[in-house]
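Report on one structure; see the data block that follows.
Derivation of every value follows stated rules applied to the coordinates shown; laboratory data play no part. Worth saying up front: this structure is predicted, and the values here are computed from it rather than measured. Here Cβ is always computed from backbone atoms with ideal geometry, including for glycine, and neighbour counts include all displayed protein chains.
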Amino acid sequence: MSVIFGIKENNRIIIAGDKRGSSIDGKTLSDDLDKVLMINDHLAFSSAGNAAIEKAISIDLNKATNKDCLTTDDLLDIIKAFYKRVADTNCDAILALPFYFLIAGKGRDGNASLISGGNIKGRLDAKDVPMALFPPADAKMQECCDCFAKNYKLHNSEFVEKTIKEIANISNLVSPTGNKWIYNIATEKGMLFSF
């Protein structure tokens, strides 16, 4: 599992992730996967864990006829519907797979929102948060949080890039490259960047 993280500030929301894809046994498959997906001008999604689940959710998302109008709540509903179908069909093997996500942008109520969620032991859990970080499977949460906090405080304008590079130095599952999506709360528009 790779690293993804996000933070909601007074004037913006940032979500980010590295670009490495690995097999279950930790072998690198690709360093060119986009784990941050921009859905529309005011909605983005980042995920880590099982890539097949992210792909299935993306397929469900692409079926939406009103993608330009989707909100954070709508995307969460799509993820919940996917997991309900999985549970209803007794696909316990899929429920056992790790999957974590961040949803950022405009909510149904018009307010900016950062939602952190995941499938934990077969149970989907999601909530609004001020910040979140999901570490790679081969690194300690505290060590990753320390990288995030240090870079956020000391190198704010490039904390995303520095944090991902530092975590890549301690994890074989993280590439030093990534994507970040920055949502301007005042203009209700986000932009996707690669580094």
With θ set to phi - 60° and the Karplus curve 6.51 cos²θ - 1.76 cosθ + 1.60, what are the ³J(HN,Hα) couplings of segment 12-25 in order, to the nearest whole Hz, using x for Gly and Pro?
-> 7, 10, 10, 10, 8, x, 7, 10, 7, x, 10, 6, 4, 8
5 Å-binned pair-distance histogram of the chain (Cα, whole percent) | 1, 8, 17, 21, 21, 16, 10, 4, 1, 0
Using a simple charge model, +1 on the beta-carbon of Lys and Arg, -1 on the beta-carbon of Asp and Glu, nothing else, what dipole does the chain show about its Cα centre, in debye to the nearest 20?
-> 100 debye
Toward the positive end of the charge dipole of segment 1-48, about the Cα centre and with charges on Cβ (Lys, Arg +1; Asp, Glu -1), which of A16, L37, G6 goes farthest?
-> G6
Under DSSP H, which helices of the chain have Cα atoms covering 18 Å or more of the helix axis and a Kyte-Doolittle average no less than -1.0?
-> 72-88, 141-154
